[in-house]
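Notes to accompany the following structure.
The values are calculated or read from the model by the stated rules, or taken from the named source; none is laboratory data. This structure is a prediction, so every number in the text was calculated from the model and none was measured. Counting neighbours? That spans all protein chains shown, and the Cβs are built from the backbone with ideal geometry, glycine included.
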Amino acid sequence: MIQPQHTGGRVNVLTTPEVITSIDELRSRLASARERAVPGDARIVLVPTMGALHAGHLTLVRRARSRGDIVVVSIFVNPLQFGAGEDLNTYPRTLDADVAALAEEGVDFVFAPTSQVMYPAGAASTRVTAGAVGALYEGAARPGHFDGMLTVVAKLFNIVGPDLAVFGQKDAQQVFLVERMLADLDFRLALEIVPIVREEGGLALSSRNRNLDPAQRLAARSLSAGLDAAASAAPQGVAAALAAAHARIDVQPLVKLDYLVVVDPRTFLPVGADHVGPARMLVAALVGNTRLIDNVALDIP
Ligand code: AMP
């Protein structure tokens, strides 16, 4: 942490993060912050987000704060990862509130570029491709989503040069694909993954939850309830876990299930009925027009 700052005998414990929109400016501010912090040995930690921050994001930020000297939170609603007809234009944007929340967490820099800054020539024509796993589950519902996500994450890693990046387990397929990109493209940074933060009643926190009306929000609890039931049924095998989750989710008329699948965490491919060992159940559903995802680890003995 570069702060607290000593100003005339007072110590400012809460400092407003610097909000930076230009790549060159961020790079030069980070270079001097590195020197000021711990000369020669400052760790930069990056938390990539799309803003509209909630307690889940702030848990990632707290983890970042505890792991490094300089914490950068990026806020960028990346057009490359939204398909035609998706919610790019209506995705919540709450920059002032986000910066205020990040000030409370002692964040040093907020990188909030425009699309013009990130993609000056329009949509990047060079892309990172997510491969076969990128076309499954979220990628099947949202073609090109993971190519767009990996492309912006690679750009952010190159812009910020972090030693560590913090992601949430909520986006399990994203975590798998980012980990693989690091290995495949020889990025030199570590990842840290934070468990899913849930509201009371189990619904995983998401920026999109604010689009749910009260009845939808209640119905959406069936997703985490289904995953909990699956984890309890896992000792009886994959089919029992799937049946337990379906029993909770399929009875909710407001919840339109997109996929419910059990994957092998090593390959992210669906497991067979005879699978034993660690697995992960993934779920996605539409509640009204709002797409929600969730997941849970299963242990199948
Ligand atoms: P987003 O702003 O949705 O792109 O999310 C930014 C980061 O926050 C991603 O790494 C997400 O996985 C993580 N995240 C979002 N919601 C949660 C949550 N409820 N619990 C843990 N991490 C989360």
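The set of residues in segment 186-210 being more than 9 Å from the ligand (Cβ to nearest atom), in a loop (DSSP other than H, G, I, E, B) and out of contact with any helix residue (DSSP H, G or I) (no Cβ under 7 Å at 6 or more places or on another chain) consists of Asp186, Arg188, Glu200.
Filtering segment 66-94 to residues that are surrounded by fewer than 19 Cβ atoms within 10 Å (Cβ to Cβ) and either away from the ligand (no atom under 12 Å from the Cβ) or of a type in the set (D, E, K, R) (or both) leaves Ser66, Arg67, Pro79, Gly83, Ala84, Gly85, Glu86, Asp87, Leu88, Asn89, Thr90, Arg93. Taking the criterion of being in contact (Cβ under 8 Å) with a residue 12 or more places away in the chain, within 16 Å of the ligand (Cβ to nearest atom) and buried (at least 17 other Cβ atoms within 10 Å of the Cβ), would at least one residue in segment 226-249 satisfy it? Scanning segment 226-249 turns up at least one residue that is in contact (Cβ under 8 Å) with a residue 12 or more places away in the chain, within 16 Å of the ligand (Cβ to nearest atom) and buried (at least 17 other Cβ atoms within 10 Å of the Cβ).
Could you please find all residues in segment 266-276 being over 19 Å from Gly226 (Cα atoms) and surrounded by 15 or more Cβ atoms within 10 Å (Cβ to Cβ)? Selection gives Phe268, His275.
Scanning segment 23-59 for residues that are part of a loop (DSSP other than H, G, I, E, B), out of contact with any Phe, Trp or Tyr (no Cβ under 9 Å at 6 or more places or on another chain) and within 27 Å of Gly148 (Cβ to Cβ) turns up Leu53, His54.
Each row is one residue, and each column tells you yes or no for (1) out of contact with any strand residue (DSSP E or B) (no Cβ under 8 Å at 6 or more places or on another chain); (2) of a type in the set (Ser, Thr, Tyr).
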{"site": "Ser224", "(1), (2)": "no, yes"}
{"site": "Ala233", "(1), (2)": "yes, no"}
{"site": "Gln236", "(1), (2)": "yes, no"}
{"site": "Ala241", "(1), (2)": "no, no"}
{"site": "Ala245", "(1), (2)": "no, no"}
{"site": "Thr267", "(1), (2)": "yes, yes"}
{"site": "Gly272", "(1), (2)": "yes, no"}
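Restricted to segment 60-146, the set of helices (runs of 4 or more DSSP H) holding at least 1 residues that are touching a residue at least 60 places away in the same chain (Cβ under 8 Å) and closer than 18 Å to Asn158 by Cα comprises 115-118. In this entry, Leu282 passes the filter for residues that are in a strand (DSSP E or B), in contact (Cβ under 8 Å) with a residue 12 or more places away in the chain and crowded, with 19+ Cβ neighbours inside 10 Å. Pairs meeting the criteria (first residue in segment 157-174 and within 30 Å of Val283 (Cα to Cα) and at pLDDT 95 or above, second residue within 14 Å of the ligand (Cβ to nearest atom) and assigned to a loop (DSSP other than H, G, I, E, B), beta carbons under 6 Å, at least 6 apart or on different chains) are Gln169/Pro195; Gln169/Ile196; Lys170/Ile196. Take the conditions (1) at pLDDT 95 or above; (2) away from the ligand (no atom under 13 Å from the Cβ); (3) among the small types (Gly, Ala, Ser); Gly122 misses just one of them, which is (1).
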